[in-house]
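Each remark here refers to the structure printed beneath this line.
The values are calculated or read from the model by the stated rules, or taken from the named source; none is laboratory data. Computed from a prediction, not measured in an experiment: that's the story for all the values here. So basically every Cβ, Gly included, is an ideal-geometry build from the backbone, and we count neighbours across all protein chains shown.
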Amino acid sequence: MTQEAFISILDKKGYSYEIEGDRIVVTHEGDVDLESLKSLPSGVNFRNIGYVDLESLESLHPNLEFRNEGDVFLKSITSIPRGVVFRNVWGDVFLLKIEGWVGMSTFFGIEGIDSKRLLNFMISKGLFER
């Protein structure tokens with residue numbers, strides 16, 4: 001998907017965004033429901049107040065960043081490239097098709113370990129690349 005096509009979708013849905021250099025930063029003050037999208041352009045950053053639903057998304061670009069204030073739903077993703085960062089506040093990351101993670105979220109249940117910090121570490125080591 002091109003950046004222009006993505007901006008057109010954001011405009012149609014009434015989601016606010018900013019352009020920062022070559023990045024599109026979604027700044028909507030609410031949930032972002034893009035569940036039917038199969039792809040995103042490179043250089044997207046989610047900083048919305050609420051969840052991000054990308055459950056039909058089939059692939060992620062390495063420089064994708066989540067800094068939203070809620071859950072992230074990525075139910076169709078089968079791999080995560082290095083460079084993807086999850087810093088979403090007050091929420092989990094739901095992955096259903098990552099091998100060995102079927103039906104799991106990022107909650108690891110390890111006392112004293114932030115689950116998204118562990119997920120980001122695992123991504124940085126390439127553990128979810130195919």
*Taking the options ASN48, ASN63, name whichever one is buried (at least 20 other Cβ atoms within 10 Å of the Cβ) and polar (S, T, N, Q).*
ASN48
*Inspect all residues belonging to the stretch 65-80 and state whether any of them is touching a helix residue (DSSP H, G or I) at 6+ places or on another chain (Cβ under 7 Å) and of a type outside the set (Ser, Thr, Tyr).*
yes
_Between a residue in the stretch 35-48 that is more than 17 Å from GLU65 (Cβ to Cβ) and without any contact (Cβ under 8 Å) to a residue 40 or more places away in the chain and any residue that is surrounded by 15 or more Cβ atoms within 10 Å (Cβ to Cβ) and polar (S, T, N, Q), which pairs come within a Cβ distance under 8 Å, given they are 6 or more apart or on different chains?_
GLU35/SER56; SER36/SER56; LYS38/SER56
_Options GLU58, GLU35, GLU69; residue that is charged (D, E, K, R), under 24 Å from ARG117 (Cβ atoms) and surrounded by fewer than 19 Cβ atoms within 10 Å (Cβ to Cβ)_ = GLU69
*Is it true that some residue in the stretch 77-84 is modelled with pLDDT under 85, of a type outside the set (A, V, I, L, M) and surrounded by fewer than 20 Cβ atoms within 10 Å (Cβ to Cβ)?*
no
*Look at TYR17 and say whether it is touching a His at 6+ places or on another chain (Cβ under 9 Å), surrounded by 14 or more Cβ atoms within 10 Å (Cβ to Cβ) and aromatic (Phe, Trp, Tyr).*
yes
